Amino acid sequence: MPAEFLTQQMQWREELDEARDGDTAAAQALAREVEARRGEVLARVGDALDVRHDYADAAAGVRELHFIDRFRDELAAFLDRDAAIAPHEH
């Protein structure tokens, strides 16, 4: 994994840990950031496969997606839990 991506993972984890202290808005912002990154990586993988035929880059992108999707699941579980215990506003 590129060092930049590993640094990003650590930053996301720190942000999620901070959000667990009750900052749902921060967790939602983090979710939007993660989704944007996921979209970028998916586009890169598609380009690597379909246009550049760079299978090594495509494989690296798929590895990144694996980490992103695991983190995304963890973040979604937190947001779902938080939504379940938060009072509903109508």
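Of note:
- The chain - percent of accessible surface contributed by carbon and sulfur, probe 1.4 Å: 55 percent
- Only the Cβ atoms of Lys and Arg (+1) and of Asp and Glu (-1) were treated as charged; on that basis the dipole of the chain about its Cα centre amounts to roughly 260 debye.
- Given in Å, the Rg to one decimal and the Dmax to the nearest whole number for the Cα atoms of the chain are 15.5, 51.
- Each of 79, 51, 5 was scored by the projection of its Cα onto the charge dipole of the chain, and the greatest displacement toward the positive side belongs to 51; charges sit on the C-beta of Lys, Arg, Asp and Glu.
- The residue list 27, 68, 42 was ranked by how far each Cα lies along the charge dipole of the chain toward its positive end, using unit charges on Cβ atoms, and 42 comes out on top.
- Taking every DSSP helix (H) stretch of at least 4 residues in the chain, weighting each as -39,500 (n - 2.57) and dividing the sum by the residue count yields a mean residue ellipticity at 222 nm of -29500 deg cm²/dmol.
- Those trypsin sites (Lys or Arg not before Pro) in the range 30-78 that DSSP places in a loop and that have at most 13 other beta carbons within 10 Å: 52
- Given charges at beta-carbon only (K, R positive; D, E negative), |dipole| of the range 1-53 in Debye: 280 debye
- Under 14 Å, Cβ to Cβ, from residue 46 - net charge with Lys/Arg +1 and Asp/Glu -1: -3
- Whole-number percent relative contact order across the chain, with pairs defined as alpha carbons under 8 Å at least 6 apart: 30 percent
- Per residue solvent-accessible surface (Å²) - the range 4-73, probe of 1.4 Å: 61 Å²
- Span-like helix ranges in the chain, DSSP H, alpha carbon extent 15 angstrom or more, Kyte mean at least -1.0: 24-50, 55-85
The values are calculated or read from the model by the stated rules, or taken from the named source; none is laboratory data. Being a predicted model, the structure only gives us computed values, none of them experimental. With ideal geometry, Cβ positions are generated from the backbone for all residues, glycine too; neighbour counts draw on all protein chains shown. The area values use the complete protein model at the heavy-atom level, side chains included, leaving out ligands, DNA and RNA. Shrake-Rupley method; radii C 1.70, N 1.55, O 1.52, S 1.80 Å.
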